[in-house]
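To start, the structure itself, in structure tokens.
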Amino acid sequence: MKKLSLSLLLSVAFAGSLALPGCSSTEMLTASAPATATVAPVYQPRLSAVTVPVSISITAIEQRLNQEVNGVLYKDDKLEGDNVAVTVTKQGLLRVRAEKDKIYFSVPLHIYAKGRWKWDPCKLCPAIDKTEDTSFDMVIKTTSKVSLTEDYKLNTVTSGDFEWGETKPTLQLGPLSIGLARFVEPAMRQQMATLTKQLDKELQRHLDMRKYVSQAWLLMQEPVKLDNNMNAWLTIVPKEVRIAPLQATDGMLRTRLGITSYMAVTTNGKPAVQLNKNLPKLIVDNRLSDAIQIGLTAGIPYEHASKLLQQQVAGQTYTFDGGKSQLKVNNASLLPGGEQLVLMLDVNGKTKAGLFTKKIVGKVYLRGTPYYDAATATIRVRDVDYDLDTKDKLLNTASWLAKNKFKDMIQQQVNFPVQSQLNDARQLLQVALDKQGRINESLLLQGKIQDIAPDAIYLTPEGIKVVVNATGNLTATIDKL
């Protein structure tokens, strides 16, 4: 009996050894891929409030007016009527100073006057007719109050007066000494109205705010290439123009121009834009600050995000249950799924239960919500879970995978670093400002980006969009007219 029992045991053991390879089965995962879809973005690019301090040099105004206002300003060469002819000529440089909302002008003038003395002693006596001339100087002083209208015109209201020298002019005609003040002053006061209107006209013509704002409005809409390697372009869509009241300090006529706009960075070539040539009505606002805040939109294409995901998980083997179960990720990709990201993982794995091994091969789909992790400067996913169809298939074919911590491991591991992109965005913006520099012969732009940080994330058909806020300062100086 003992021999028989031993023989029987050996036979059973041998038969068992032959049967062990057969205690392994493979299940195919046939989960359906979720439909690729995006919803209308919840977030929109933030409206930028770009407030630009604008300085116009009083010296530049003075230089331009001296170029334009020259020569004879008034001339009456007829002696008939009042027996006096007067010619008024600008002499020397016109001087300009400004304080608060007023501009003061000082115009030196040279006056040439001719007078006639005529006497008829009697009807039969010969008439005495004699003319003499004289020259003297005077200074006209005017004050212009300046403001801006909603159609970008400079509104000036100018008033003025004039000053004589130490003595008022006289003209000697024979035995007569004729005081010319009573003849010149009415003409000059009448001419003052003409002169102040001319000054208003010259100021409005040479301080053409609409011209400069129009130039800035159109230039802002032209795409600016930020980087050749990334083929990155900056686009700006201006929406509104605000301006602070004009004020003069330290030899400069100053204001603050605020242009609100949408700004975006794209990396798929030069975007097609349709220029909006129509300036909106100018809004005068005395609460504008000197800082800029730029709402900037940048994107991470799904193809690039998939490459990052593959680098992180493809080829890795995940072990569970004290080594009894393991899963290898062969390939990975990332797609949009409404407001969530869909992670496709091509896997093969196995688990042991006693002497039996169960294998799985196929694809699993997980969903997660993207968010920005400020501590690591990365885009991560949270609330990661299996897609419903994948979960159903796992419960039927590989419940061990559905129940373990694989999805938690993926959630902890998957991330898309954006710190370098943020640094690049900051640098690209700064380079763009530096390149703009002098946008024409009259306007000089200078600025600095001080800080840039993500604000929101949303999904589009093309990729993950990251909204970032950039803050800094930007100055514009009109130093030529």
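Read-outs: derived from the displayed coordinates by stated rules, not from any lab. No experiment lies behind these values; they were computed from the predicted model shown. Quick reminder, even Gly has a Cβ in these numbers, built from the backbone with ideal geometry, and neighbours come from all protein chains shown.
Summary of values
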item	result
Extension gain from Lys78 to Asp346, taking 0.36 nm per residue of separation minus the Cα-Cα distance	86.1 nm
q = 0.08, 0.11 Å⁻¹: log10 I(q)/I(0) that the Debye formula gives for segment 210-348, counting C-alpha atoms only	-0.45, -0.66
Stretchable slack from Asp133 to Lys448, in nm (0.36 nm times residue separation minus alpha-carbon distance)	107.0 nm
Nearest-0.05 FRET efficiency for Glu303 and Lys328, computed from C-beta distance (R0 22 Å)	0.40
Separation between Cα centres of segment 260-281 and segment 447-471, rounded to whole Å	17 Å
Charge tally in the Cβ shell below 12 Å around Met344, where Lys, Arg are +1 and Asp, Glu are -1, Met344 excluded	0
Sum of side-chain charges, Glu68 neighbourhood, beta-carbon under 9 Å (Lys, Arg +1; Asp, Glu -1)	+1
Listed residue pairs exceeding 31 Å between alpha carbons, taken from Lys270/Lys363; Lys90/Lys281; Lys78/Lys197	Lys270/Lys363; Lys90/Lys281
Base-10 log of normalised Debye intensity for segment 315-399 (one unit scatterer per alpha-carbon) at q = 0.12, 0.14, 0.23 Å⁻¹	-0.44, -0.58, -1.18
Long-range HN-HN contacts of Asp285 with modeled amide H, under 5 Å	Ile243, Ala244
Long-range HN-HN contacts of Asp387 with modeled amide H, under 5 Å	Tyr365, Leu366, Arg367
Computed lengthening from Lys225 to Thr149, 0.36 nm per intervening residue step minus Cα-Cα distance	23.9 nm
Förster radius 51 Å - calculated FRET efficiency between Arg382 and Ser106 (Cβ-Cβ, nearest 0.05)	0.10
Under-5 Å amide H pairs with Asp101, H placed in peptide plane, nonlocal only	Ala248
